[in-house]
């Protein structure tokens, strides 16, 4: 299959959609996983540039998702709407949002982890297998989430680490969908890497009463699967647990908390002389989340609520206004694929 990365917020989303269209025509049946990237947006942007960005984003989401097996926005913005909000806060990372050097490292690490299932040499999973577990019922947009690094102490077992983070999920959103952990999820593909064999199951002394069902599991894979079922009982979840961590080679930024040791594990106290972090455990996931309903619907409402004739210069660059109106309706249709009967039941669906 093909893994495609392109900008989402500018004209390159159009170039990317054409490239993906050609791949789909030439390689019928091959999986295409496309990621649309947006940098952390400055707090003050001229209104016309902000609106052009939103229009490019809407065009990119509709066209790239339509031509791909699965499309995933990647960004550390809190939102991609007209009011982006602040950047995502990641525990144990002290990154500078305005530096692409920092933000690209975070997103690349998450993507590297999420795509491990079909990149392993001995894996029976293909890209098409992964995308098909997420894109059913027209849901061809997925959000990315990650715990980077995954919070675990060097002598702590995986059951203890996950038990301490319940009932909330252990990750942060990386697709600018907001922190809507209560929105529900239809399906997810989860990878946890960097947990050694001796840490994968409970290390409590024999005869000790288990703290939870996680501490009763016999394998690390079972621990992870049980945890996912606990926090998302109605979600179709696939999971993979790997012992090897994510290796950090130069010029990877050293923007980590002083509580991390060189292997990326947490210490109880900040290190007197913080070591260079050489590897980290990472938890990352592609998620077909119900939060995408509100995200996509917000884009639709913001664009429908504006007189597009005010932005004639955008349409003079080659996009027909009628075509853009059609894209808006496709965006609305796409958003409804993620609407659950229990979600936003008081929402007004008619914006006219």
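The values are calculated or read from the model by the stated rules, or taken from the named source; none is laboratory data. Not measured: the values here are computed from a predicted model. Please note: Cβ atoms are built from the backbone with ideal geometry, for glycine as well, and neighbour counts cover all protein chains shown.
Structure data summary
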| item | result |
| --- | --- |
| Checking residue 58 against (1) surrounded by 23 or more Cβ atoms within 10 Å (Cβ to Cβ); (2) touching a strand residue (DSSP E or B) at 6+ places or on another chain (Cβ under 6 Å); (3) in contact (Cβ under 8 Å) with a residue 60 or more places away in the chain, the condition it does not meet | (2) |
| Residue match in segment 303-318 (condition: assigned to a helix (DSSP H, G or I) and surrounded by 18 or more Cβ atoms within 10 Å (Cβ to Cβ)) | yes |
| Residue ID - modelled with the highest pLDDT, chosen from residues in segment 228-252 that are under 22 Å from residue 265 (Cβ atoms) and out of contact with any strand residue (DSSP E or B) (no Cβ under 9 Å at 6 or more places or on another chain) | 252 |
| Qualifying residue in segment 258-266 (condition: in contact (Cβ under 8 Å) with a residue 12 or more places away in the chain, at positive phi and part of a loop (DSSP other than H, G, I, E, B)) | yes |
| Matching residues in segment 42-70 - criterion: being at pLDDT 90 or above and farther than 24 Å from residue 322 by Cβ | 68, 69, 70 |
| Subset of segment 265-291 that is within 21 Å of the chain's Cα centre (by Cα) and at pLDDT below 95 - its residue that is farthest from residue 235 (Cα to Cα) | 291 |
| Which listed residue, of 159, 173, is out of contact with any strand residue (DSSP E or B) (no Cβ under 9 Å at 6 or more places or on another chain), touching a residue at least 60 places away in the same chain (Cβ under 8 Å) and closer than 25 Å to residue 264 by Cβ | 159 |
| Output for segment 21-39, where each listed residue is under 25 Å from residue 79 (Cα atoms), touching a strand residue (DSSP E or B) at 6+ places or on another chain (Cβ under 7 Å) and not in a strand (DSSP E or B) | 38 |
